[in-house]
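For reference, the structure discussed in these notes is given below.
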Number of protein chains: 4
Amino acid sequence: MFERTKETKVLRDPIHGYIHIRYRVIWNCLNSREFQRLHRIHQLGGDFQVYHAAEHSRFGHSLGVYEVCRRMVTEVDSIAGALSESEKIAVMAAALLHDLGHGPYSHFFESIQDISHEERTMRIIADPASEVHQALTAEDEKLPQEVIRILKHEHQRPILNQMISSQLDADRMDYLLRDAYETGTSYGTFDLERVLRTLRICDDMLCVKQSGMHSIEDYIMARYHMYWQVYLHPDAKSYEMLLATFFKRYMEINEPIEVFEPLRHPLSNEEFFLMDECRMMYGFQCALNSKDAILRDFADRILNRRLFAWIENPNEDQIRQLEERLKDRPYYLIEEPEHKGSFLPYSEERSKIWILTNRNELKPLSQCSEIVRALLKMEDVPEKRIFYPKDIAIH
Amino acid sequence: MFERTKETKVLRDPIHGYIHIRYRVIWNCLNSREFQRLHRIHQLGGDFQVYHAAEHSRFGHSLGVYEVCRRMVTEVDSIAGALSESEKIAVMAAALLHDLGHGPYSHFFESIQDISHEERTMRIIADPASEVHQALTAEDEKLPQEVIRILKHEHQRPILNQMISSQLDADRMDYLLRDAYETGTSYGTFDLERVLRTLRICDDMLCVKQSGMHSIEDYIMARYHMYWQVYLHPDAKSYEMLLATFFKRYMEINEPIEVFEPLRHPLSNEEFFLMDECRMMYGFQCALNSKDAILRDFADRILNRRLFAWIENPNEDQIRQLEERLKDRPYYLIEEPEHKGSFLPYSEERSKIWILTNRNELKPLSQCSEIVRALLKMEDVPEKRIFYPKDIAIH
Amino acid sequence: MFERTKETKVLRDPIHGYIHIRYRVIWNCLNSREFQRLHRIHQLGGDFQVYHAAEHSRFGHSLGVYEVCRRMVTEVDSIAGALSESEKIAVMAAALLHDLGHGPYSHFFESIQDISHEERTMRIIADPASEVHQALTAEDEKLPQEVIRILKHEHQRPILNQMISSQLDADRMDYLLRDAYETGTSYGTFDLERVLRTLRICDDMLCVKQSGMHSIEDYIMARYHMYWQVYLHPDAKSYEMLLATFFKRYMEINEPIEVFEPLRHPLSNEEFFLMDECRMMYGFQCALNSKDAILRDFADRILNRRLFAWIENPNEDQIRQLEERLKDRPYYLIEEPEHKGSFLPYSEERSKIWILTNRNELKPLSQCSEIVRALLKMEDVPEKRIFYPKDIAIH
Amino acid sequence: MFERTKETKVLRDPIHGYIHIRYRVIWNCLNSREFQRLHRIHQLGGDFQVYHAAEHSRFGHSLGVYEVCRRMVTEVDSIAGALSESEKIAVMAAALLHDLGHGPYSHFFESIQDISHEERTMRIIADPASEVHQALTAEDEKLPQEVIRILKHEHQRPILNQMISSQLDADRMDYLLRDAYETGTSYGTFDLERVLRTLRICDDMLCVKQSGMHSIEDYIMARYHMYWQVYLHPDAKSYEMLLATFFKRYMEINEPIEVFEPLRHPLSNEEFFLMDECRMMYGFQCALNSKDAILRDFADRILNRRLFAWIENPNEDQIRQLEERLKDRPYYLIEEPEHKGSFLPYSEERSKIWILTNRNELKPLSQCSEIVRALLKMEDVPEKRIFYPKDIAIH
């Protein structure tokens, strides 16, 4: 039904060996300008300021999520047998396209615009002017809406939603392995082969055979370590604080920098398309010549890595000192917003990982794993971090 | 003072890249017949019956422990500066020789002899007839006793004892990485480089800088996973049960198999030296011709991998069925001795891992790590396993 | 037609991730006592005396060859489509069983018996008393002969013969990767994924698409380096010389060592089955008490790694010195037989690797690859090596 | 003498584990804005259009070359003992800074400016306005000139020049390993540890002990394969042809695009500093609105990966067809300049790799290695490639 590519297209990939593409619609999505733009959005925001090799973009990650998803729907018999070809296409397309809506420096960008990257992704897919929309429609009129339904977590088949976004989804499976590889750390590694081998579908829910439970424990710990060691690293956050502060100042004064002007109002899809990290960097170059000393300073800090210093859980006295010494420099004492829940390795509050026991019962992971049960008892004690210029010495 | 080898001797090693040897005494220990014998003792007992590639011996592991220890005393400035050359030699020799006293199938062997492998190791080192003793003495009369003191955990410098045996010792650091590599699993990996980089010595205690705490958490999880996935794998245990039962029977009947006869009494060092796994295998070949049907059957099972089936935590009914069906075959229903504590990833009951905080205080790991604190709350619920022939079907 | 296992059996493997078994006949061959015996035959003979970690046996390698072959017949569309199910089973069984006939220390053993390991393999498969024969026959009466025909290179479908033994066969693809992994060297690595992806079948010949030619060049170099760095390493050869000389002496004197006595005449399959490396090692232990001083000395050297020294391409004067100094010790000056051709990375004399060009023509590799053409011009200058005891000093 | 950093600074790196920095001057160079700019220059120009994961920049590579060089001058005893501290600093700084002068898309950029990247690097280091110049001078007035002398290959100590640029230099050692890692191919791997272990200094020349010769052969093959498989990949070249053609057109018409205007004349160091790949990308965005249709088309092709098709070694007829069909589109038939010599794995014309034989003689590699001798006989038959739009079909 769905048109195949002439032969299987393969793309060399350090994480999965090869990415395999067999459907023309997937190939066309990959070649759309909206997808190609992902080469210009770092996967890890400011993390390459800490892990210098982590310069990879959302392009490779998106391909990786697609590949994990493709393996789920073709190599896991239990899933392959339960889905129609058109459901498989829809979920693979959703995997490939799920990050289209990321702006520069990913999560930072959401803080200066009013819509989430998920919402933007859906707008792009729904937009008849976008090349991805056209690629999907060329195959099947209803495909854009099917993909959006999956991304919204509203598809009538829960299994599709879960494959893209849940506590055990293709997205995380790829990014943990990829980010570990690119940073050069070993924390994010877990046994993907075994996880895939033990995946099952049961009552239209994604679950894991009991014999795969230890790989799941390992995966959860991998995620936990990546959060602490990479995603929430204070120097990476320091860089993102510089970005945030630059734009806070920019919005408060009236001096226009041409490439940043669109940011003063909600962006159209076309404006969003152009707003990649290259454009941002050029904007910071322009800001080096701004009349505003604060913009000039932050642009220099961003371009040339003059990061702020930081303290974790500062005491009263330290805060007092910093406030005293920076009382005339309002943009230079920055408190990071709390990362609620990020410091917990696993929670079953909103959704669960399901284990299919040897007696064919579905149980939440925490009922099967001694160690996960222990982890659930961890308290969420987010560290509070405060950032300030390195030339300020406190004791 | 201590004689050097002409140039650094290097041995290619898959885990550490190279093993580096610079002292003649180490080189001579390595070339002793007692050390060479370790090539004939599997590192993982019966685990190659499950993980077919895990055929490595205690030889490579012993070199690996030596190498980790060598790096500690030369590359970790804080340790290097605190030890005399003679203490460094002693601890490196202890690392190299710590497993000399392992009998065939390692831990199994201890169950049929009255002394532990640690005790045997010390007897060999103390024995003037052994080549290792002679190698040590040739360098320094007191060296054998120094090494023994470290192995006994009685050296006056606690740091030396801890490097060889503690919750964070060179032994574990090597075996986790090596066993993961050889089995082809990823569970045992942790960041050895980072652990070494953050080791410190403080009050003559081994400790870890706070910035290395996450690698320690990772190391603890690695150990936990290796226990579950490899060391206590039921099929590996099944093989060891066969060995144990063979010898239980052998001791109870009177038919002599020449190579096994010495096992009826405590072994001299010389007898122990000859008792390697090759000799055992030959003995099982001989037992294929035994007049005793039970010996014949177990020898066949051992040589040709006819493992028993097993049930974890059998219920009353299952036990009753098995007892009923096997009531005339007394050796064929085997209950595994409990592995108390093995199922816990970390405990601070007997010893602790110490963290050197950013404020230069020594604290037990559990006071610093949220996740370790959670793990300490895990209950020790050892699985009870029961083994029986595969031709017995129960429901 | 052919019976499947209940579910896919998977075995963890460090080289291929998992070994996948789907047919009952393969599973039963694997569980035969002849196959289990391979755990007691080192893959690399005396190489673990140089690369201490290379202690792996022919068991894992045989599984690996099977797995490469299985991937060829299921994942390479061009091959999968050209073979019947029964041909696939036959070639996979041939891959699994091709090394059954290896004696202790592999190639050495052939020098003291009159039949090659290939010949022994076929005798075992043809022997109605062997468990492999029974496993094959249980599936299909004709299977043993089919397998033998492939191993003899006489199957009517040349493609099957080539998959098992040619310049580009499953055997080499596994052993290069595996031996590199186990020794801890990087020389043997090449891109198996890409080689598999570019394999084709053409005129019932195995060939490689031109786009895979560089992986083939890489594979050829990998093989070349492994020969020089591992397979022909002088210290490994030194060990094998000790074995050969021990038995040369043993055959010349009359003192019986029970476990070695069968070697005085051609072995039956049953005697061969028992003749594993464990039995040999036990025999060397016995020889430590021989009345013959030469046997005692060589047994000690073998057990305890007292290797001979060696010179490559000795000059006249060196040979004269050694002959002079060893004139009363006839067994102690050993010249290695020449390894003709082993030092050449690739030759097209007996068989070729075929390239399928972009214009769909079949050409020998040397006509396509500039670099291989250059390599063919290399002269075969085998090094001549001479071995002697380390206590003999020459200048 | 030279000021140390307070403690060793370490940066996590996927290739070398960690980058170690112990001197303040190196640390300050690293923090200069000229060095930070390297994050905005891809290491592999257009290769990420083929190997999607190869998005790494010259920043990590420069750190890697520094680290290899640091290991040479500290871990290779023979080199460490032969150099003064100030020579070591100079060569490590040269290693770190050797790529400062790379413009966008590296080698492409040289084609549109009149100076080589080497010349630009030296100008930046010599420029009192540059932060690297200031960092070097702060440590030692003469350091900039010392570094430049090394980069010019004119330092009075040849060993320093060779470490940075020769057939066996720190630059290649890092880029082969790094580019292999980032592309996810295995071609570029060789045994760096062994190469470093066998490096020696002899007559102030870098050479390799004979026992390391096989690793050198492997390194040479690695380089050869990387050229064919990665560096000269036609799709990567296709992308660079688009860039070149865009600027060819841009220079011929009069429509200004602000960010590209400086390229019309030789760039000052300050202009060069701003000319990074982010700025270029923004320029292509601007060009999407150009009045010139050709500029618009090429900008779209560059941003959205509409690559040209290509033919290798086209025949007369193919060329004729293309010329006919593209006769009205002068920019759309592109012939690639020849890569003379790139297709040869090794040559001794301009410089040699030296082997220190077991008899302590220095010989060119080709006299020692049979295989390299064969490679020298390869003919340099550069492929001629021609590029054209994919919508042109020829037969």
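Rule-based calculations on the coordinates, nothing more; no lab input. Keep in mind it's a predicted model, so treat the numbers as computed, not measured. Note that each Cβ is placed from the backbone with ideal geometry, even for glycine, and that neighbours are counted across all protein chains shown.
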TODO: Work out from phi, with θ = phi - 60° and the Karplus expression 6.51 cos²θ - 1.76 cosθ + 1.60, the ³J(HN,Hα) of each residue of region C:147-164, listed in order in whole Hz, and give x for Gly and Pro.
DONE: 4, 5, 4, 5, 5, 7, 6, 10, 5, 5, 9, x, 4, 5, 4, 5, 4, 8
- [ ] Any chance you could run the full-extension gain for residue D:145 through residue D:255? It's 0.36 nm times the residue separation minus the Cα-Cα distance, nm to one decimal.
- [x] 35.4 nm
- [ ] Could you please state, rounded to a whole Å, how far the C-alpha centre of region D:1-72 is from the C-alpha centre of region C:172-217?
- [x] 34 Å
Open item on the list: Place a point 7 Å from Cα of residue D:193 in the direction of its Cβ. Which residues in region B:7-43 have their backbone N less than 16 Å from it?
Closed with: B:8-22
Open item on the list: Shape verdict for region D:234-300, please, from the Cα gyration tensor: rounded (a/c under 1.5), prolate (a/b greater than b/c) or oblate.
Closed with: oblate
Task: Cβ-placed point charges (K, R +1; D, E -1), dipole of the protein assembly as shown about Cα centre in debye, nearest 20 - done: 0 debye
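Convert 37 °C to kelvin, take the viscosity as 0.692 mPa s, use the Kirkwood radius over C-alpha pairs of region A:128-247 as Rh, and evaluate the Stokes-Einstein diffusion coefficient in µm²/s, rounded to a whole number.
Details: Rh = 16.9 Å.
Diffusion coefficient, whole number: 194 µm²/s.
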- [ ] Specify the inter-centroid distance of region B:142-163 and region C:244-290, based on alpha-carbon positions, in whole Å.
- [x] 44 Å
TODO: Mind telling me which of A:150, A:220, A:253 comes out most flexible in a GNM of chain A, alpha-carbon contacts under 10 Å?
DONE: A:253
Task: Estimated FRET transfer efficiency when R0 is 25 angstrom, pair residue B:391-residue B:315 (beta carbons, to 0.05) - done: 0.70
- [ ] Can you tell me the relative contact order of chain D? Whole percent, Cα pairs under 8 Å, sequence separation 6 or more.
- [x] 16 percent
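Count, for each residue of B:10-19, the Cβ atoms from other chains sitting within 10 Å of its Cβ, then give me the mean as a whole number. Display every interim value, and only then the final one.
On the way: counts 3, 5, 13, 5, 11, 2, 1, 6, 4, 1.
Counting other chains' Cβ atoms within 10 Å and averaging over B:10-19 gives 5.
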Task: Dipole of region B:229-311, positive end: most advanced residue of B:257, B:229, B:273 [Cβ charges, Cα centre] - done: B:229
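Counting each DSSP H run of 4 or more residues in chain A as -39500 (n - 2.57), what helix-only mean residue ellipticity at 222 nm follows after dividing by all residues, to the nearest 500 deg cm²/dmol? Intermediate values should be presented prior to the final figure.
On the way: 20 runs with 191 residues, N = 395.
The per-residue figure over chain A is -14000 deg cm²/dmol.
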TODO: Under 21 Å Cα to Cα from residue C:377, which lysines show up? Leave out anything in the same chain fewer than 8 places away.
DONE: C:340, C:352, C:363, D:377
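Say R0 is 30 Å: what FRET efficiency, to the nearest 0.05, do residue D:78 and residue C:325 get from their beta-carbon distance? If you can, show how the numbers build up before the last one.
On the way: r = 35 Å, r/R0 = 1.16.
Efficiency computed from Cβ-Cβ geometry: 0.30.
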Task: More than 26 Å apart - percent of Cα-Cα pairs taken over region A:4-232 - done: 34 percent
Task: Total charge dipole magnitude, region C:4-232, about the Cα centre, Cβ charges on Lys, Arg, Asp, Glu only, Debye to nearest 20 - done: 480 debye
- [ ] Calculate the spin-label point distance for residue B:152 paired with residue A:358, positioning each point 7 Å from the Cα along the beta-carbon direction, and give it in nanometres.
- [x] 4.5 nm
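Once you order the gyration tensor axes a ≥ b ≥ c over the Cα atoms, which shape class does chain A get: rounded for a/c under 1.5, otherwise prolate or oblate by comparing a/b with b/c? Walk me through the intermediate numbers first.
Values: a/c = 2.34, a/b = 1.37, b/c = 1.70.
In terms of gyration-tensor shape, oblate.
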Open item on the list: Run the count for region A:4-232, please: Lys pairs, Cα-Cα under 30 angstrom, 8 or more apart or on different chains.
Closed with: 10
Task: Cross-link reach list, lysines versus residue A:291, counting only Cα pairs under 21 Å and skipping chain neighbours closer than eight places - done: A:248
TODO: Specify which residue in the list C:5, C:43, C:62 is farthest towards the positive end of the charge dipole of chain C, using unit charges on the beta carbon of Lys, Arg (+1) and Asp, Glu (-1), about the Cα centre.
DONE: C:5
TODO: Pop a pseudo-label 7 angstrom from the Cα along the beta-carbon direction at both residue A:116 and residue A:248 and give the gap in nm to one decimal.
DONE: 2.4 nm
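Which whole number gives the average count of other chain Cβ atoms within 10 Å of the Cβ atoms across peptide A:163-172? Show your work: numbers first, answer last.
Numbers: counts 0, 0, 0, 0, 0, 0, 0, 0, 0, 0.
Taking all residues of A:163-172 together, the mean is 0.
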Open item on the list: I'd like the mean, over residues of C:48-58, of how many other protein chain beta carbons sit within 10 Å of each residue's own Cβ.
Closed with: 6
Open item on the list: Given a 10 angstrom Cα cut-off, can you work out which residue in B:330, B:128, B:364 is the most mobile in a GNM of chain B?
Closed with: B:330
Task: For the protein assembly as shown: rounded, prolate or oblate by the Cα gyration tensor [a/c cutoff 1.5] - done: rounded
TODO: Please list, or write none, the aspartates and glutamates whose alpha carbon is within less than 12 Å of the alpha carbon of residue D:384, excluding same-chain residues fewer than 8 places away.
DONE: D:312, D:335, D:336, D:338
TODO: In debye, nearest 20, what is the charge dipole magnitude of chain A about its Cα centre with +1 on Lys and Arg Cβ and -1 on Asp and Glu Cβ, if you could check?
DONE: 600 debye
Open item on the list: Relative contact order of region A:4-232, please, whole-number percent, based on alpha carbon pairs below 8 angstrom and at least 6 residues apart.
Closed with: 19 percent
TODO: May I ask which residue of A:145, A:76, A:155 lies farthest towards the positive end of the charge dipole of region A:69-168, with charges of +1 (Lys, Arg) and -1 (Asp, Glu) on Cβ and the Cα centre as origin?
DONE: A:76
